[in-house]
Amino acid sequence: MANIYGTNFNDNNSYTVSWPYFIYYPELKGTAGDDYIYGYAGNDILSGYSGNDTLDGGTGADTMTGGSGDDVYLVDNSSDKVVENDLVILPNGLHFYLSQGNDIVKSSISYTLPAYVENLQLNDAAYFGNGNNLSNSITGTSAANYLSGLDGGDWLYGGAGDDRLAGGNGNDYLYGDYGNDVLIGGPGIDWLRGGGGNDQFDFESYSGTNTDAILDFYAPEDTIGLDVGGGGNPGIFGIGLTFNADGHLSAGSYFEGSFFNGNAGQSSGIYVDTSNGYIWYNPTSGVAGDSYHFATIDPATIVGGISSLSANDFIAVHYHS
């Protein structure tokens, strides 16, 4: 393994004047092995080439290219640039970018992953963490974070603190862990685990096929949020449901029992099938076949059993207003 260190100037293939001499600071280049490359101060260019490299530009606006291998990028400046791809040009002129390795950015600032980088770990005071169109792994800090997977099948971990996790498109796994967390699966088949604290599982979309699974639920503390929109937009759950003044679902819009699903012309409302933990939404009374299965809670994982659920565990939220 090679340890490669820069200077306190711009190590970026440029000339710097230090009177009475002209001093040349080259690009910091790695080897074919596993390198640790550190730029110190200045706006540096770091290239790892092959191997599993760690690239740390230090202070300044740095450009870091890992090359092939599983690389680690340390980011501390909003102007830092991470490059992780190869341009492949075919004889017919067609071209495409090729991702290289399984890479991670460890960022002490809020950060959005660039293309072709899979993993993000937030450190220090970083708050926002966003993925890309790949299947990302995004890890928060011990403080409050807002993590968003965007596209792809993502794994989001909030850690301690009151976190907000949004899976986005794709089949995602969200784990809030400690703290009072908000988990939003989004489109796709998602797995939601709140962990300790008063957690909220929000649903702003539903489909008869893409249902989310709530993996832990404590009825006295956790809640399920239903998007009812606002400002003239009814939202996803804004038809056929009534809510109390405090935002909780009214008792008249909640039904619970074995094989309850709201179909066959039953009243509009939220239906919980106690035989399997399926949660259904029936928007219109008297119309058969319009119920939607939007979530599942494994009865074995509910503290107090599935019979401990009630209308008070569902609240109105406003995403589409």
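The values are calculated or read from the model by the stated rules, or taken from the named source; none is laboratory data. What you see is a predicted model, and the numbers here were worked out from it, not measured in a lab. Note that each Cβ is placed from the backbone with ideal geometry, even for glycine, and that neighbours are counted across all protein chains shown.
Key figures for this structure:
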| item | result |
| --- | --- |
| Flag if TYR111 is hydroxyl-bearing (Ser, Thr, Tyr), touching a strand residue (DSSP E or B) at 6+ places or on another chain (Cβ under 9 Å), closer than 26 Å to LYS29 by Cβ and modelled with pLDDT under 95 | no |
| ASN43 surrounded by 12 or more Cβ atoms within 10 Å (Cβ to Cβ), over 28 Å from the mean Cα position of the chain (by Cα) and either modelled with pLDDT under 90 or in a strand (DSSP E or B) (or both) | no |
| Residue in the stretch 270-305 that is surrounded by the fewest Cβ atoms within 10 Å (Cβ to Cβ), counting only those that are at pLDDT 90 or above and over 30 Å from the mean Cα position of the chain (by Cα) | SER275 |
| Selection from the stretch 46-56 of residues that are surrounded by fewer than 24 Cβ atoms within 10 Å (Cβ to Cβ), farther than 14 Å from SER79 by Cα and within 26 Å of the chain's Cα centre (by Cα) | ASN52, THR54 |
| Residue count, the stretch 57-73 (criterion: surrounded by 21 or more Cβ atoms within 10 Å (Cβ to Cβ) and either part of a strand (DSSP E or B) or among the acidic types (Asp, Glu) (or both)) | 5 |
| Search result, residues across the stretch 208-219 that are touching a residue at least 40 places away in the same chain (Cβ under 8 Å) and over 16 Å from VAL182 (Cα atoms) | GLY208, THR211 |
